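The values are calculated or read from the model by the stated rules, or taken from the named source; none is laboratory data. Being a predicted model, the structure only gives us computed values, none of them experimental. Here Cβ is always computed from backbone atoms with ideal geometry, including for glycine, and neighbour counts include all displayed protein chains.
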Amino acid sequence: MSKPKVLVARAIFPETIERLAQHFEVESNQADEAWSKAQLIEKLQGKVGVFTTGSERIDAELLAACPDLKICANMAVGYNNFDTEAMTAHGVLGTNAPDVLTETTADFGFALLMATARRIAESEHFLRAGKWQKWAYDMFSGSDIHGSTLGIIGMGRIGQGIARRGAHGFGMKVVYHNRSRLDAALEAECKASYVGKEELLKTADHVVLVVPYTPASHHTIGAAEIALMKPTATLVNIARGGIVDDAALAVALKEKRIAAAGLDVFEGEPKVHPDLLTVPNVVLTPHIASATVPTRKAMADLAVDNLIGYLVNGKPLTPVNPAVLAKN
Ligand code: 8YV
């Protein structure tokens, strides 16, 4: 019997391809070619599954043109590249890769917060440029992490990981804002208090964004929200591009309306707003919050487990539109 056909849309670990090949006829993209939408559609003909990263848009147009497709397995916890409504309408299951990246991503969120507040990138550039001639009492003074107030917008698993690090490791006071309040036991474990978004922005010394991207969370932070923040505050975005209005942030950083920002994600990435590239008080990283080898392998494994789980055993592990399963 011939094996079901799957497509791997981006270059990935060779062992990921090997695992898939045990169950499927695999077409891969180990050269990591940038496929246009038309090319992706062409490659998907006859394929029942696709291994995606966050970069491939799965929408109504693509789904209508790929009638054999049954599952899109994202190697990412975020799945804003999926039009889940259209996928459900076409009977195509989507899966994501939660949990396996939580602690790694929370580590990175904290690292970016510290690099931002303590001006690590900016001062390193200064040193490398040969500008360090003498010590000075006010050279690259930043803001404290320990004992300060950490405001977390988006209190899912990663947000909770950042809260724990702040409260337990650095004695920070943690406030959070989320669509729904955590239960009392989880709030106590994270030592976090629920507050309104406005209060969070006004009182936090450091604001970290960890909300999923949806039309409702678009520009959660724009000029009006930045205006509420303390002039000494830092802002960190490890969520998705589009959660912050990058143009407004660049203006605010330039005018020192807040002290600094750390950004791992950007509107329209991999393009970065040109004004962000010219302001010194921002730390910029290329969407690497989950990038450790064990975690990226675990994310890839979970995407493979979902493909096998659904196409071979009928049981995906982490579906994002389970309504499709009910229909089957
Ligand atoms: C991924 C991410 O690296 O999991 C997510 O949602 O943003 C990152 O961990 C990226 O989406 C590529 O798949």
Return only the number of the condition from (1) in contact with a strand residue (DSSP E or B) (Cβ under 8 Å, 6 or more places away or on another chain); (2) in contact (Cβ under 8 Å) with a residue 12 or more places away in the chain; (3) of a type outside the set (V, I, T) that E187 does not satisfy.
-> (2)
Taking the condition more than 30 Å from R164 (Cα to Cα) and within 12 Å of the ligand (Cβ to nearest atom), does F24 pass?
-> no
Looking at (1) free of Cβ contacts under 8 Å to residues at least 60 places away in the same chain; (2) not assigned by TED's automatic domain parsing to the domain that holds M155, can you tell me which one F82 breaks?
-> (1)
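Here's the yes/no breakdown for (1) crowded, with 22+ Cβ neighbours inside 10 Å; (2) modelled with pLDDT of 95 or more; (3) touching a helix residue (DSSP H, G or I) at 6+ places or on another chain (Cβ under 6 Å); (4) closer than 28 Å to N80 by Cα:
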| site | (1), (2), (3), (4) |
| --- | --- |
| R164 | no, yes, yes, yes |
| K173 | no, yes, no, no |
| H206 | yes, yes, yes, yes |
| A224 | no, yes, no, yes |
| I238 | yes, yes, yes, yes |
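Can you name the residue in the range 14-37 that is among the hydrophobic types (A, V, I, L, M, F, W, C) and surrounded by 14 or more Cβ atoms within 10 Å (Cβ to Cβ) and, of all such residues, is farthest from T53 (Cα to Cα)?
F24
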Select from the range 76-135 the residues that are among the charged types (D, E, K, R) and under 30 Å from I12 (Cα atoms) and write down the one among them that is surrounded by the most Cβ atoms within 10 Å (Cβ to Cβ).
-> D83
For A261, state whether it is of a type in the set (A, V, I, L, M) and either closer than 24 Å to P98 by Cα or in contact with a strand residue (DSSP E or B) (Cβ under 8 Å, 6 or more places away or on another chain) (or both).
-> yes
Restrict the check to the range 312-328 and report whether at least one residue is assigned by TED's automatic domain parsing to the domain that holds R119, assigned to a loop (DSSP other than H, G, I, E, B), touching a residue at least 60 places away in the same chain (Cβ under 8 Å) and within 16 Å of the ligand (Cβ to nearest atom).
-> no
Only one of A129, A121 is in the same structural domain as I238 (by TED's automatic domain parsing) and either of a type in the set (S, T, Y) or in contact with a Leu (Cβ under 9 Å, 6 or more places away or on another chain) (or both), namely A121
Selection from the range 266-310 of residues of a type outside the set (A, V, I, L, M), within 14 Å of the ligand (Cβ to nearest atom) and part of a helix (DSSP H, G or I) yields P294, T295, R296, K297, D301, N306
Across the range 78-94, the tally of residues that are more than 16 Å from the ligand (Cβ to nearest atom) and not β-branched (V, I, T) stands at 8
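Name the one entry in V211, V195 that is over 24 Å from L284 (Cβ atoms), within 24 Å of the chain's Cα centre (by Cα) and either modelled with pLDDT of 95 or more or more than 16 Å from the ligand (Cβ to nearest atom) (or both).
Numbers: V211 fails: over 24 Å from L284 (Cβ atoms).
One residue alone meets the criteria, V195.
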Checking G159 against (1) buried (at least 19 other Cβ atoms within 10 Å of the Cβ); (2) farther than 15 Å from L209 by Cβ, which single condition isn't satisfied?
-> (2)
Does the range 250-260 include one or more residues that are within 16 Å of the ligand (Cβ to nearest atom) and out of contact with any helix residue (DSSP H, G or I) (no Cβ under 6 Å at 6 or more places or on another chain)?
-> no
Under the condition of being more than 9 Å from the ligand (Cβ to nearest atom) and not hydrophobic (A, V, I, L, M, F, W, C), which residue from the range 52-75 is surrounded by the fewest Cβ atoms within 10 Å (Cβ to Cβ)?
-> P67
Pairs where the first residue, in the range 60-78, is on the phi < 0 side of the Ramachandran plot and the second is acidic (D, E) and within 16 Å of the ligand (Cβ to nearest atom), C-beta under 9 Å, 6+ apart = L62/E56; C72/E56; A73/D305; N74/E56; V77/D99
